Amino acid sequence: MSKRNVITFFMMFIIGILIFWYFIRDINMDVLIADFFTINWWWIAVAFLCMLLYLGLEAVVTKTIVDTQVDHFTWWDAIRVPLVEQLFNGITPFSSGGQPGQLYVMVQTGVDAGKASSTLLMKFVVFQTMIVINFILSLIVGFQYVEEKLHYLALLVLFGFFVHLFVIVALLLIMYWYTFTKKLVDNLVKPLKIFMKDEKYLSFKEMLDNKIDTFHMESIRIAKQWKLMLKIIVITFFQLAFYYLIPYFIILALGFDQVNIIMIVSLHVLIFMIISLFPIPGGAGGAEYSFETLFKSFITNNTKLILALIAWRLITYYLGMILGAVAFFIRPNKIDK
């Protein structure tokens with residue numbers, strides 16, 4: 001990692017501590033400690049296991065795809081991919097570092113950059129599609145609740161949905177309407193000539209054209225592997241399901257066993273969408289605020305609500321960053337070519 005990434009890594013932990021302090025500043029510490037010792041740690045362990053399964057199933061997806069392209073790609077190398085993804089997602093705005101981070105560790109193992117990019121493309125397309133489908137289902141269940149609780153948060157939810165939907169539509173356009181998409185992109189980038197030198201503009205346009213061409217060719221190849229795609233879709237469905245269940249088990253751990261699992265999962269899907277819109281790495285601040293706002297009706301004890309928030313954030317964010325940092329600095333197994 002670069003020096004800047006290392007600094008950001010530690011800064012995110014400092015920011016996290018400050019955010020946690022902000023939420024507990026008006027809480028009686030004796031009550032907080034007493035409630036801490038009432039936690040059912042078995043349910044916390046289940047929530048922890050759900051996060052590990054989320055990461056593990058992404059490793060399964062990675063290995064399943066890579067095994068169709070190269071031989072001797074080990075399970076350790078497959079596990080490193082989602083862990084390093086969590087690390088770079090957590091220290092970059094809008095999780096923009098996740099894809100380059102995955103590509104880096106795959107190339108480290110000896111996987112050809114083109115084949116690694118193809119793997120990440122297939123993962124990305126399936127993951128984004130499943131997020132949008134889950135989001136639509138969650139809107140049906142939980143949007144009215146979000147709107148009642150906080151109107152502008154509902155607007156963020158809808159905006160997040162349209163952002164992810166736009167991504168899916170753009171991918172489909174490149175896959176199935178290649179000529180139209182090329183012309184559309186050409187027209188959209190033409191105004192940039194006003195702000196860029198000719199040389200820089202031509203370089204940017206060539207880069208954009210190459211990426212569209214590569215995506216189109218890879219998407220055609222992927223579309224022919226429908227059995228593999230179906231397998232990846234099923235695995236990704238369960239991967240996301242385990243992640244979405246995490247707050248439900250945390251709430252059970254705090255003694256609130258009458259909650260509606262469908263509503264909790266739906267709200268977590270919506271929070272996942274909201275976090276992706278915050279420019280601060282990891283959605284810091286926005287993630288905690290969204291969780292506290294949406295789940296306080298289910299966790300009526302304010303002290304336990306803060307404990308739930310801290311547990312959720314430690315499991316879904318900081319755990320992945322720590323494991324990712326460890327995985328990044330451990331030597332990969334080189335594939336036999």
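Might you let me know whether segment 91-108 holds any residue that is without any contact (Cβ under 8 Å) to a residue 12 or more places away in the chain and closer than 22 Å to residue 334 by Cβ? So far as segment 91-108 goes, yes, one or more of its residues are without any contact (Cβ under 8 Å) to a residue 12 or more places away in the chain and closer than 22 Å to residue 334 by Cβ.
Does residue 27 qualify as being surrounded by 15 or more Cβ atoms within 10 Å (Cβ to Cβ) and part of a loop (DSSP other than H, G, I, E, B)? Criteria met by residue 27.
Any residue at all in segment 193-212 that is touching a residue at least 24 places away in the same chain (Cβ under 8 Å) and among the aromatic types (Phe, Trp, Tyr)?
So the first thing to find is which residues in segment 193-212 are touching a residue at least 24 places away in the same chain (Cβ under 8 Å), and the list is 209, 212.
From the residues that got through so far, the ones that are among the aromatic types (Phe, Trp, Tyr) too are none.
No; the residues of segment 193-212 include none that is touching a residue at least 24 places away in the same chain (Cβ under 8 Å) and among the aromatic types (Phe, Trp, Tyr).
Look through segment 217-247, keep the residues that are farther than 20 Å from residue 115 by Cα and free of Cβ contacts under 8 Å to residues at least 60 places away in the same chain, and return whichever of them is least open to solvent (accessible area, probe 1.4 Å). For segment 217-247, the residue satisfying everything is 241.
Given the options 127, 94, 88, name the one that is at pLDDT 90 or above, more than 18 Å from residue 239 (Cα to Cα) and within 13 Å of the chain's Cα centre (by Cα). Spell out the reasoning first.
On the way: 127 fails: more than 18 Å from residue 239 (Cα to Cα); 94 fails: at pLDDT 90 or above.
Going through 127, 94, 88 in turn, the sole match is 88.
Of all the numbered requirements in (1) farther than 22 Å from residue 231 by Cβ; (2) surrounded by fewer than 21 Cβ atoms within 10 Å (Cβ to Cβ); (3) among the polar types (S, T, N, Q), residue 138 misses one, and that requirement is (2).
Can you find, within segment 248-266, the residue that is most open to solvent (accessible area, probe 1.4 Å) among those that are in a helix (DSSP H, G or I) and closer than 18 Å to residue 141 by Cβ? Steps first, please.
First, pick out the residues of segment 248-266 that are in a helix (DSSP H, G or I): 248-253, 261-266.
Next, from what is left, pick out any that are closer than 18 Å to residue 141 by Cβ: 248, 251, 261-266.
Working: 248: 39, 251: 1, 261: 67, 262: 101, 263: 41, 264: 0, 265: 35, 266: 8 Å².
Result: 262.
Condition test on residue 169, is it open to solvent by 50 Å² or more (accessible area, probe 1.4 Å) and either closer than 25 Å to residue 277 by Cβ or outside any loop (DSSP other than H, G, I, E, B) (or both)?
Details: open to solvent by 50 Å² or more (accessible area, probe 1.4 Å): yes; either closer than 25 Å to residue 277 by Cβ or outside any loop (DSSP other than H, G, I, E, B) (or both): yes.
Considered against the rule, which asks whether it is open to solvent by 50 Å² or more (accessible area, probe 1.4 Å) and either closer than 25 Å to residue 277 by Cβ or outside any loop (DSSP other than H, G, I, E, B) (or both), residue 169 comes out as yes.
Selection of segment 47-69 for residues being under 20 Å from residue 125 (Cβ atoms), more than 16 Å from the chain's Cα centre (by Cα) and open to solvent by 10 Å² or more (accessible area, probe 1.4 Å) yields 60, 63, 64, 67, 68, 69.
The values are calculated or read from the model by the stated rules, or taken from the named source; none is laboratory data. Quantities reported herein were computed from a predicted structural model and do not represent experimental measurements. Glycine gets a Cβ as well: all are built from the backbone with ideal geometry, and neighbour counts include every protein chain shown. For accessibility, only protein heavy atoms count, side chains too; no ligands or nucleic acids. Shrake-Rupley method; radii C 1.70, N 1.55, O 1.52, S 1.80 Å.
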